[in-house]
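Notes follow the structure.
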Amino acid sequence: MVGNVGTQHRILKHGALIYYVGSAIFASGIALLAVGVAFVMMQEIHYKSEPEEILLSSIFIGVGATMILAGINMMMKQTRYGYYIVGASTFASLFALLVFTYNYPQKWYYPLINYVLALYIVGFLVLVGNAFANVVLWMIEGEPEAVVRKEGGRIYTDEEIERDIEDATRKSIELSASELTFKEPRAEDVRYGRVFRETRGTTTRIKDNLDEVTSLVKTINPGERIKSGSAEIESASKNLVDILRVGSVKKSKSREIKDKIMGMMERFYSLITVKRNG
């Protein structure tokens, strides 16, 4: 047990030491970068400036930017091979600046310029990518372990707190359900509505009384029927129509015979009158 505590203490101490070293490197890199930018502005560095001025400003800015990224990576929690990656990429960038210092300006020509520039950019990008990868990894895998201290110095995790809340809620529901009772109403307390108190009366059907004139008109013109639900009225109307049609046919035949007789009598009377006068 004592050995485990000592090992944990050494690990924490080692992690804190790396963090402080990374903070110091980060601060030094900011200082060098600021000095390099200030030197460029004060000396008004351009492509026609003195080689010593260009070399000095480039070293300040290059070393400062590399140290800033290395310090950020050292202050962050690294993976298993994270520190090796940080060390190798930092060494690559600084080595490129060293080669630049020994070869500028006499031997500063192609293809050496391409090699030095590519080596520095590779180290710089690896430092940036490693920092970004660690941040994303923390966001994906990192789970906040919020704890609450209780009486007696005991520490409860979020899982224990959620489990206690669920247990308390379940017990409260069970207790409420056990005490919940329903009172059944008595028969004499039930009040019936009006529907139950009323009785249905008898239904009396009354035949429709239609006006005679209206019925005759509807009978003569069978196309105009009175809309009624009684089948007896429709049957009577139909019979009356048939009778009137037969009577009209007989009346027309008797009138025709009578007209013929009257015509014959008028012709006979006219002949007699003519003979007497002659």
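FYI, it's all coordinate maths here, none of it is from the lab. This structure is a prediction, so every number in the text was calculated from the model and none was measured. Cβ sites come from the backbone with ideal geometry, for glycine too, and all protein chains shown count toward neighbours.
Around the Cα centre of the stretch 44-126, unit charges on the Cβ atoms of Lys, Arg, Asp and Glu (plus for the first two, minus for the last two) sum to a dipole of about 440 debye.
In plain terms, the chain from Ala31 to Leu117 could stretch by 28.6 nm, reckoned as 0.36 nm per residue minus the Cα-Cα distance. Only Lys, Arg, Asp and Glu carry charge here, each on its Cβ (+1 for the first two, -1 for the last two); on that basis the stretch 7-145 has a dipole of about 380 debye about its Cα centre. Ranking Ala31, Ile72, Ile45 by how far each Cα lies toward the positive end of the dipole of the stretch 7-145 (charges on Cβ) leaves Ile72 at the top.
Each residue of the stretch 126-141 was assigned a 3J(HN,Hα) from its phi angle through the Karplus expression (A = 6.51, B = -1.76, C = 1.60, θ = phi - 60°), giving 5, 4, 5, x, 5, 5, 5, 5, 5, 4, 5, 4, 4, 5, 7, 8 Hz with x at Gly and Pro.
Checking every one of the chymotrypsin sites (Phe, Trp or Tyr not before Pro) in the stretch 44-97 against DSSP loop status and a limit of 14 other Cβ atoms within 10 Å picks out Tyr47, Tyr81. In order along the stretch 90-96, the Karplus-derived 3J(HN,Hα) couplings, from 6.51 cos²θ - 1.76 cosθ + 1.60 at θ = phi - 60°, round to 5, 5, 4, 5, 5, 5, 4 Hz, and Gly and Pro are given as x.
Classify the stretch 7-145 as rounded, prolate or oblate from the Cα gyration tensor: take a ≥ b ≥ c as the square roots of its eigenvalues, call it rounded if a/c is under 1.5, otherwise prolate when a/b beats b/c and oblate if not.
Prolate.
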